[in-house]
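Report on the structure given below.
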Amino acid sequence: MKMFKQFQQLTWKVVDLVNSPQKTQRITRNAIVSRVILKEFIETAMMMDRKGFFAGSFGEISLRTNGGKFLITPRDMSICRINEETIRIAAIEKESDTANENLPLHTQWHREIYRNSNANAVVLCQPPFATVLANKMQKLAQDLLVDAKKLLDSTDFVIPEDVALKNKLDEEYTLFIQSIGILVWGKSLDDLLNRIEILERLSAISLKGKYSQ
């Protein structure tokens, strides 16, 4: 009986160790983010997913919050499965082992954007046509759509090793990253949703009509 109680106590300690980070995340999230913001975050993420912007768990979405932190979707989970409990909280200034916090693979890109720009939202996604262009490193023609010129002026094509985000960044920008997808940041998730839609349509036109530079 004594050995059983010792085993039971040890089991409880292990459970506490596993649950402790989750409890910390929940307490922090509830303290700095309202349920309304969380709901809007999830709804916009789901809308992006329904439009086919993500390749399963490779998609990443984040949103700047109060207290020098940001919301971000978890590692190894499809966007369609996220909920309030799975959304993670990360610090803008902190650099740590993201594996221990269940943060996504490219969390550092989000962190650098928030550090070096006034952007409030970041999305890493894989819309099919835009991702093909990124892999081909084929830039969109500037005269493809006159009304999109300003948007196209704020885009660039890079390989993953050349993603440099440590300098002062524009508040709104898009990187087509070879073999990764497109990294988009700006003032809000709604703004990014609109921008990704436009870029995906332009990418489709470009590929079908062979309009590229």
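The values are calculated or read from the model by the stated rules, or taken from the named source; none is laboratory data. Keep in mind that what you see is a predicted model, and the values were worked out from it rather than measured. Cβ: placed from backbone, ideal geometry, glycine included. Neighbour counts: every protein chain shown.
Of the residues making up the stretch 185-203, those that are in a helix (DSSP H, G or I), within 16 Å of Arg64 (Cβ to Cβ) and not acidic (Asp, Glu) are Leu189, Leu192. Screening Arg195 on (1) out of contact with any Pro (no Cβ under 7 Å at 6 or more places or on another chain); (2) touching a residue at least 12 places away in the same chain (Cβ under 8 Å); (3) farther than 30 Å from Glu40 by Cβ shows it passes everything except condition (3).
Yes/no per residue for (1) loosely packed, with under 15 Cβ neighbours inside 10 Å; (2) of a type in the set (Gly, Ala, Ser); (3) modelled with pLDDT of 95 or more:
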| residue | (1), (2), (3) |
| --- | --- |
| Gln126 | no, no, yes |
| Gln138 | no, no, no |
| Leu145 | no, no, no |
| Asp153 | yes, no, no |
| Ile159 | yes, no, no |
| Ala164 | yes, yes, no |
| Lys168 | yes, no, no |
| Gly181 | no, yes, yes |
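Report yes if Ile37 is over 17 Å from Gln126 (Cβ atoms) and either at pLDDT below 95 or of a type in the set (Asp, Glu) (or both), otherwise no. Here the answer is yes, as Ile37 does meet what is asked.
Restricting the first member to the stretch 48-72 and to residues that are free of Cβ contacts under 8 Å to residues at least 40 places away in the same chain, and the second to residues that are assigned to a helix (DSSP H, G or I), the beta-carbon pairs closer than 7 Å and six or more apart or on different chains are Asp49/Ile79; Asp49/Cys80; Thr65/Ile32; Asn66/Ile32; Gly67/Ile32; Ile72/Thr107; Ile72/His110.
I'd like to check something: does the stretch 142-151 contain any residue that is touching a residue at least 12 places away in the same chain (Cβ under 8 Å), within 26 Å of Arg50 (Cα to Cα) and assigned to a helix (DSSP H, G or I)? Scanning the stretch 142-151, I find at least one residue that is touching a residue at least 12 places away in the same chain (Cβ under 8 Å), within 26 Å of Arg50 (Cα to Cα) and assigned to a helix (DSSP H, G or I), so the answer is yes.
Against the test of being at pLDDT 55 or above, closer than 18 Å to Cys125 by Cβ, surrounded by fewer than 19 Cβ atoms within 10 Å (Cβ to Cβ) and acidic (Asp, Glu), the options Glu60, Glu43 yield a single qualifying residue, Glu43. Going by what's in this entry, would Val132 be described as buried (at least 21 other Cβ atoms within 10 Å of the Cβ) and β-branched (Val, Ile, Thr)? No: the conditions fail for Val132.
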